Amino acid sequence: MEPSQYPFNPEFNVAISQENSSSQKLIAYQYARSVKLFSVIDGIFCFLYLFYFYWPSVFSGLFILAGYFGAKNYNKNLILVYAIYELLDIGFDIYLLYYIYSNYDVYYGYIFSILSIVIQVYILRIIFKCYQSIKDLRVNELLELKNGWIPGQVVFLYW
């Protein structure tokens, strides 16, 4: 056997390392793209709340912008700020569910509140996966992503 056929050959390990690096960058890229999409949708709803003169939507808009720019620039701290906003929003929705339960006998309010909580928990899971994937990247991989690395085929990661 030639020495190049052994699995502990340095050339073989470099090829595996580059493939693993590319897949980690791809996962981080896909999660960041999903977080950007969710933050844009969140921003649209925040903008609609401004028409009702709901003043906390100005502050929530700042958190949403932090999430969008965190995902765009692969900044894990800004993504964490967006995750904290989602946690606070889930807490508010749980309070709203309790308020509807204690004051009204309308069942559609329960359904929308529970549906909103389930969707936000799902989005929070995607945000934490994005945070974790960016956190697990090495410095050179993160720099490549920040400098505009784009894979050949991109899909949204929803799970």
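The values are calculated or read from the model by the stated rules, or taken from the named source; none is laboratory data. All figures in this text were calculated on a predicted structure; none of them were measured in a lab. Every residue, glycine as well, gets a Cβ built from its backbone with ideal geometry; the counts of neighbours run over all protein chains shown.
Please identify the pairs in which a residue from region 47-75 that is under 25 Å from LYS135 (Cα atoms) has its Cβ atom under 7 Å from the Cβ atom of a residue that is among the charged types (D, E, K, R) and surrounded by fewer than 16 Cβ atoms within 10 Å (Cβ to Cβ), counting only partners at least 6 apart or on another chain.
As it stands, the answer is ASN73/LYS146; TYR74/LYS146, since those pairs meet every condition given.
So which residues in region 59-99 are surrounded by 15 or more Cβ atoms within 10 Å (Cβ to Cβ) and of a type in the set (Gly, Ala, Ser)?
Answer for region 59-99, where residues must be surrounded by 15 or more Cβ atoms within 10 Å (Cβ to Cβ) and of a type in the set (Gly, Ala, Ser): SER60, GLY61, ALA66, GLY67, GLY70, ALA71, ALA83.
Report yes if some residue within region 86-103 is under 22 Å from the mean Cα position of the chain (by Cα), in contact (Cβ under 8 Å) with a residue 40 or more places away in the chain and closer than 18 Å to ILE27 by Cα; otherwise report no. First the steps, then the outcome.
So in region 86-103, the residues under 22 Å from the mean Cα position of the chain (by Cα) come out as 86-94.
This time we only want the ones that are in contact (Cβ under 8 Å) with a residue 40 or more places away in the chain, so: 86.
This time we only want the ones that are closer than 18 Å to ILE27 by Cα, so: none.
No, there is no match, as no residue in region 86-103 is under 22 Å from the mean Cα position of the chain (by Cα), in contact (Cβ under 8 Å) with a residue 40 or more places away in the chain and closer than 18 Å to ILE27 by Cα.
Considering only residues of region 99-123 that are at pLDDT 85 or above and either touching a Lys or Arg at 6+ places or on another chain (Cβ under 8 Å) or hydroxyl-bearing (Ser, Thr, Tyr) (or both), which is nearest to PHE45 (Cα to Cα)?
Residues of region 99-123 that are at pLDDT 85 or above, as a first pass: 114-123.
With the extra rule that they be either touching a Lys or Arg at 6+ places or on another chain (Cβ under 8 Å) or hydroxyl-bearing (Ser, Thr, Tyr) (or both), the set shrinks to 116, 122.
On the way: SER116: 12, TYR122: 17 Å.
For region 99-123, the residue satisfying everything is SER116.
Those residues that are of a type in the set (Val, Ile, Thr) and modelled with pLDDT under 95, I need them from region 42-80; list them, please. Let's see the steps before the verdict.
First, pick out the residues of region 42-80 that are of a type in the set (Val, Ile, Thr): 44, 58, 64, 79.
Residues satisfying the conditions are ILE44, VAL58, ILE64.
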